[in-house]
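For reference, the structure discussed in these notes is given below.
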Amino acid sequence: MIIRIDNVSKHEGKEATVQGWMYNKRGSGKIFFLQVRDGSGMIQGVAAEGEATDEVMKVAEELTMESSVRITGPVNKHPKWQGVYEMQIKKIEVIQQCADEFPISKKEHGPDFLLDNRHLWLRSKKQWAIQRVRNTIINATYEYFSDNGFIKIDSPILTPNACEGTTELFEVPYFDEGSAFLTQSGQLYLEAAIMSHGRVFDFGPVFRAEKSKTRRHLTEFWMMDAEMAFVDHEGNMEIQEGLICHIVAKALEKNEAELKILERDLEPLKKIKAPFIRKSHAEVIAELREMGSDIGEKDDLGADDETKLTEKYDKPIFVDRYPSEVKAFYMKRDPEDDSKALCCDLLAPEGYGEIIGGSQREDDYDVLLKRIEEHKLDPKVFEWYLDLRKYGSVPHSGFGYGLERITGWIAGVHHIRETIPFPRMISRLTP
Ligand code: 4AD
Ligand code: MG
């Protein structure tokens, strides 16, 4: 019977077949240990002289790295390691033997080489583990939203207007219309959908043409936007807290083996419980200056500031009420201080920095029109968005997370290019 490796414990003592790829081999002559990966996990197959046939020994000896195989034999508990199983190989069927040496070996490779071979690098143990953590985060997100009264609304990728800022857009030719732009966030469209559904979210690729070359920036990444009617700034933060706690709990529950492969310290993740830390932008600026930063009172937080600040705490930090001039036009102002926006960024601990950006939205027609003009945006393009303030406007809020940033934090990966299957960066478009 063909089994999946993640189900192997159910087949103890019985003969089974595993099909997959040989990712590592040890031994020589009298005994071979073949590590086989089938997607769901990894298992060791043992071919020992005397027990295996000469034919099996010969095939095992010649089998090359990443060749595709089926191995058959009884499943037993590993003699030393608890919870680990191995197979005594009675039969090996080679599906395809790699004639060329697999380019990625156990020796150290530079990041450019690995990224050039991303299509093959994805098979490495750590890369396998990262994608599985990412998948858990996606599933946990859908779960949290469907359990909390949200429905998924798919926002468009080709758009006529900017959401976050006009200088960061990828422009594409669009028939008689001239140009379209690849979306930076589905937020504005979700604001339309809440008037129909109350609470909604989207999840898809977004595009940023900004020339940022940091470990936290990609030009294409996956964003989840959530938007809620009748939710204010405080309520917005509570929903984010609930979502992040659920995601972390699920990763700890589902990805024990993966986080072990990634050598992720689990203690900091276990501390992720509500309430998170809440600080205003002004408080954070004062704190950073005390730590020796020369950041100005009205500055946005830079990457280094975020790193320094979040290394100090073991919980995520909400930083709210940024100066309105460093934030987007659609953010509602703080009724107590018109120079501040009712926004918040959520920063992940351990130096990871911003994972979520969100705000309460401006819901007054005249004020919003004024902001659009102040930001030198074309009101004509935003007519439909302004309409939402004409027909049953309500207080509302929302936020967006970057999937790669959250995956990087939870998996403990330094550069987010390893958290997306095929990264797109300023100087990388292949494979
Ligand atoms: O803070 P941002 O720009 O917020 C928005 O786009 C809002 N419209 C979201 C909303 O309110 N619905 O982006 C949201 C998140 C950031 O916190 C960060 O995690 C991620 O997207 N992000 C990036 N991730 C990778 N590469 C980039 N270049 C990113 N820019 C933002
Ligand atoms: Mg942001």
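Structure data summary
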| item | result |
| --- | --- |
| Candidates Leu346, Leu342, Leu288, Leu309, filtered to the one that is in contact with a helix residue (DSSP H, G or I) (Cβ under 9 Å, 6 or more places away or on another chain), assigned by TED's automatic domain parsing to the domain that holds Phe201 and within 13 Å of ligand 2 (Cβ to nearest atom) | Leu346 |
| Selection within region 222-261 - closer than 19 Å to Trp128 by Cα and open to solvent by 20 Å² or more (accessible area, probe 1.4 Å) | Trp222, Lys250, Leu252, Glu253, Lys254, Glu256, Ala257, Lys260, Ile261 |
| Hits in region 278-304 - residues which are over 15 Å from Val326 (Cα atoms), in contact with a strand residue (DSSP E or B) (Cβ under 8 Å, 6 or more places away or on another chain) and outside any helix (DSSP H, G or I) | Arg278, Lys279 |
| Flag for Pro395 being over 10 Å from the mean Cα position of the chain (by Cα) and closer than 30 Å to Pro111 by Cβ | no |
| The lone exception for Lys376 - which of (1) at positive phi; (2) away from ligand 1 (no atom under 12 Å from the Cβ); (3) in contact (Cβ under 8 Å) with a residue 24 or more places away in the chain it fails | (3) |
| Unmet criterion (only one of (1) over 31 Å from the mean Cα position of the chain (by Cα); (2) closer than 17 Å to Val284 by Cα) for Glu383 | (2) |
| Meets criteria (farther than 30 Å from Cys245 by Cβ and assigned to a helix (DSSP H, G or I)) for His119 | yes |
| Residue within region 69-77 that is among the β-branched types (Val, Ile, Thr) and under 30 Å from Ser196 (Cα atoms) present | no |
| Those strands (runs of 3 or more DSSP E) lying entirely in region 311-382 with at least 3 residues open to solvent by 10 Å² or more (accessible area, probe 1.4 Å) | 337-341, 353-360 |
| Residue list for region 296-321, restricted to those being of a type outside the set (Gly, Ala, Ser) and over 29 Å from the mean Cα position of the chain (by Cα) | Glu297, Lys298 |
| Every residue from region 334-360 that is acidic (Asp, Glu) and more than 12 Å from ligand 1 (Cβ to nearest atom) | Asp334, Glu336, Asp337, Asp338, Glu350 |
| Residue pairs meeting the criteria (Cβ under 9 Å; at least 6 apart or on separate chains; first on the phi > 0 side of the Ramachandran plot, in region 140-151; second assigned to a helix (DSSP H, G or I) and open to solvent by less than 10 Å² (accessible area, probe 1.4 Å)) | none |
| Test: Asp304 is touching a residue at least 40 places away in the same chain (Cβ under 8 Å) and open to solvent by 10 Å² or more (accessible area, probe 1.4 Å) | no |
| Checklist (1) at negative phi; (2) at pLDDT below 95; (3) not in a loop (DSSP other than H, G, I, E, B) applied to Pro79, failing item | (3) |
| Any chance Ile272 is more than 16 Å from ligand 1 (Cβ to nearest atom), within 18 Å of Gly353 (Cβ to Cβ) and either touching a helix residue (DSSP H, G or I) at 6+ places or on another chain (Cβ under 8 Å) or open to solvent by less than 20 Å² (accessible area, probe 1.4 Å) (or both) | yes |
| Inter-residue pairs, beta-carbon under 8 Å, first without any contact (Cβ under 8 Å) to a residue 60 or more places away in the chain and in region 50-77, second assigned to a helix (DSSP H, G or I) and open to solvent by less than 20 Å² (accessible area, probe 1.4 Å), 6+ apart | Ala52/Ala60 |
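The values are calculated or read from the model by the stated rules, or taken from the named source; none is laboratory data. Computed from a predicted structure; not experimentally measured. Please note: Cβ atoms are built from the backbone with ideal geometry, for glycine as well, and neighbour counts cover all protein chains shown. Accessible surface areas use protein heavy atoms only, side chains included; no ligands, DNA or RNA. Shrake-Rupley method; radii C 1.70, N 1.55, O 1.52, S 1.80 Å.
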